[in-house]
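J.: For reference, the structure I am asking about is given below.
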Amino acid sequence: MPKILSVSTHDLPVEIQQEQAVELTRSLFSKRYKDIERLLRVFQNGDIKKRNVCMPLEWYAHSHDFEERNQLYIQHAVQIGEQAILHCLKGDGTLRETVSPTSIDAIFFISSSGISTPSIEVRIMNRLPFLDDTKRIPIWGLGCAGGAAGISRAYEYCLAFPKANVLVLALELCSLTFQKDDYSKSNLVGVSLFSDGAACALVAGDESTLQASCAMPRIVATTSKLMPNSEDVMGWDVKSNGLYVVFSKSIPAIITDWLGPFVHQFLDKHHLSKDDIIHFVAHPGGKKVLQAYENALRFTDHKTKISRNILREHGNMSSPTILYVLKQFMKNNPIAGEYGLMAALGPGFCGELLLLKWE
């Protein structure tokens with residue numbers, strides 16, 4: 001079973017308190033909505049305290065075309081991606097010794113909030129001493145499911161190549177997609193929720209020579225699921241001046257009805273039940289999404305405590321967020337033999353599950 005040896009996270013430089021986001025939104029939306037104060041309750045009800053973004057707050061009060069947004073995406077993504085990789089290779093106490101970029105066999109780059117060809121991992125490889133035959137697998141468009149899906153694909157790579165060491169870099173700059181002239185309810189919810197961040201994980205095959213210094217999660221199995229004809233649940237509308245958020249209000253109800261059978265079928269295949277899951281590594285899509293997880297799986301809010309704390313302190317960073325959650329679980333030093341379940345949902349509408357076991 002391939003194992004996750006290290007996870008790093010990297011916060012963006014500008015910290016925004018939720019009340020600051022409220023004030024900006026009030027100034028931009030109040031002329032369009034007479035009931036703006038009622039609508040702004042979504043900020044208080046989301047249980048988010050603060051978030052990090054890549055640009056000063058005043059930048060978001062002005063109009064910007066797609067070219068400017070995307071140039072900023074590339075510039076910041078390369079800088080923060082490089083730092084996330086370096087921190088991951090150091091291990092933050094989870095690795096016996098620092099790993100050299102020359103030991104990495106493949107890089108999965110996960111993002112949905114900007115466009116770059118050549119892709120971001122190439123630009124980072126030109127700044128760090130990776131070998132020129134390192135495999136590159138950029139994955140675009142999985143949104144909030146991307147971090148979990150990236151770990152799943154790295155797991156499959158390591159099954160095929162047991163000696164491999166693989167990096168999964170999940171990076172999003174959601175704030176750069178903010179459209180100040182989009183007065184839709186989806187945009188209002190997006191402003192209250194989304195933020196920027198980066199995370200990197202090191203996954204190693206069974207025959208890798210890299211060693212951990214403590215109990216680490218092995219990946220027992222993974223599964224993916226698509227809900228047919230659900231393209232309008234979440235995603236982007238691509239327009240001339242950028243990406244416009246699509247975010248259906250039906251998402252919590254969909255999760256409640258759809259996620260439970262998905263999880264139970266997956267666990268049944270491995271002769272487990274939800275009661276065997278000690279660590280629920282859930283992507284915190286929002287407060288209502290976490291409540292939907294609890295309702296669907298009949299978990300108490302204790303199971304979603306870490307996810308809730310990450311949401312409160314960072315907001316929803318899309319694909320990197322679940323790696324922030326995983327890192328916190330790993331820091332809590334789970335006992336060898338305990339099971340965990342990673343779960344994330346994204347555009348499609350789709351889900352990704354990973355069964356973990358600490359060893």
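The values are calculated or read from the model by the stated rules, or taken from the named source; none is laboratory data. What you see is a predicted model; the values in this text were computed from it and never measured. Using ideal geometry, Cβ is built from the backbone for each residue, glycine included, and neighbour counts are taken over all protein chains shown. For the accessible areas, the whole protein counts, side chains as well, though only heavy atoms, and no ligand, DNA or RNA atoms are used. Shrake-Rupley method; radii C 1.70, N 1.55, O 1.52, S 1.80 Å.
J.: When you scan region 61-70, do you find a residue that is of a type in the set (Lys, Arg), in contact (Cβ under 8 Å) with a residue 12 or more places away in the chain, in a helix (DSSP H, G or I) and buried (at least 20 other Cβ atoms within 10 Å of the Cβ), even just one?
T.: Taking every residue of region 61-70 in turn, at least one turns out to be of a type in the set (Lys, Arg), in contact (Cβ under 8 Å) with a residue 12 or more places away in the chain, in a helix (DSSP H, G or I) and buried (at least 20 other Cβ atoms within 10 Å of the Cβ).
J.: Within the group Ile4, Ile48, which residue is among the β-branched types (Val, Ile, Thr), buried (at least 18 other Cβ atoms within 10 Å of the Cβ), farther than 14 Å from Ser195 by Cβ and within 19 Å of the chain's Cα centre (by Cα)?
T.: Ile4
J.: Going residue by residue through region 198-208, is there one that turns out to be among the hydroxyl-bearing types (Ser, Thr, Tyr) and either more than 24 Å from Asp92 (Cβ to Cβ) or modelled with pLDDT of 95 or more (or both)?
T.: Yes - at least one qualifying residue is present in region 198-208.
J.: Can you find even one residue in region 264-275 that is outside any strand (DSSP E or B) and either aliphatic (A, V, I, L, M) or modelled with pLDDT under 85 (or both)?
T.: yes
J.: Please verify whether region 127-148 includes one or more residues that are aromatic (Phe, Trp, Tyr) and touching a residue at least 40 places away in the same chain (Cβ under 8 Å).
T.: Looking for residues that are aromatic (Phe, Trp, Tyr) and touching a residue at least 40 places away in the same chain (Cβ under 8 Å), one finds none in region 127-148, hence no.
J.: Also, quick follow-up: Just to be sure before I move on: is Phe262 closer than 23 Å to Asn332 by Cβ, surrounded by 13 or more Cβ atoms within 10 Å (Cβ to Cβ) and under 21 Å from the mean Cα position of the chain (by Cα) in the structure I sent?
T.: No; evaluated as a whole, the condition is false for this residue.
J.: Can you report the number of residues in region 262-280 which are of a type in the set (D, E, K, R) and within 13 Å of Gly340 (Cα to Cα)?
T.: Selection size over region 262-280: 3.
J.: With within 30 Å of Ile255 (Cα to Cα) and open to solvent by less than 10 Å² (accessible area, probe 1.4 Å) as the only criterion, which of Ile137, Ile115, Ile110, Ile124 stands out?
T.: Ile110
J.: Within region 158-183, which residues are farther than 25 Å from Gln71 by Cα, open to solvent by less than 40 Å² (accessible area, probe 1.4 Å) and either among the aromatic types (Phe, Trp, Tyr) or outside any strand (DSSP E or B) (or both)?
T.: The answer is Cys158, Ala164.
J.: Just wondering, is there one or more residues in region 161-181 that are under 20 Å from the mean Cα position of the chain (by Cα) and more than 26 Å from Lys327 (Cβ to Cβ)?
T.: Yes, some residue in region 161-181 is under 20 Å from the mean Cα position of the chain (by Cα) and more than 26 Å from Lys327 (Cβ to Cβ).
J.: Sticking with this structure for a sec: Could you please find all residues in region 184-207 being surrounded by fewer than 22 Cβ atoms within 10 Å (Cβ to Cβ) and outside any helix (DSSP H, G or I)?
T.: Result: Ser184, Asp206, Glu207.
J.: Then there's this: Considering each residue of region 112-136, count those that are in contact with a helix residue (DSSP H, G or I) (Cβ under 7 Å, 6 or more places away or on another chain) and within 18 Å of Leu89 (Cβ to Cβ), and give that number.
T.: Final tally of qualifying residues: 10.
J.: What are the pairs with Cβ atoms under 8 angstrom where one residue, in region 80-91, is open to solvent by less than 10 Å² (accessible area, probe 1.4 Å) and the other, located anywhere, is in a helix (DSSP H, G or I)? Sequence gap at least six, or different chains.
T.: Gly81/Ile120; Gly81/Glu121; Gly81/Ile124; Ile85/Pro101; Ile85/Ile124; Leu89/Pro101
J.: In addition: Of the residues Thr321, Thr300, which single one is without any contact (Cβ under 8 Å) to a residue 12 or more places away in the chain and either of a type in the set (Val, Ile, Thr) or crowded, with 16+ Cβ neighbours inside 10 Å (or both)?
T.: The match here is Thr300.
J.: Which is out of contact with any Phe, Trp or Tyr (no Cβ under 8 Å at 6 or more places or on another chain), under 30 Å from Tyr157 (Cα atoms) and of a type in the set (Asp, Glu), of Asp92, Asp105?
T.: Asp92
J.: State which residue is surrounded by the most Cβ atoms within 10 Å (Cβ to Cβ) when the search covers only region 336-347 and only residues that are small (Gly, Ala, Ser) and within 16 Å of the chain's Cα centre (by Cα).
T.: Per the criteria, the residue is Ala344.
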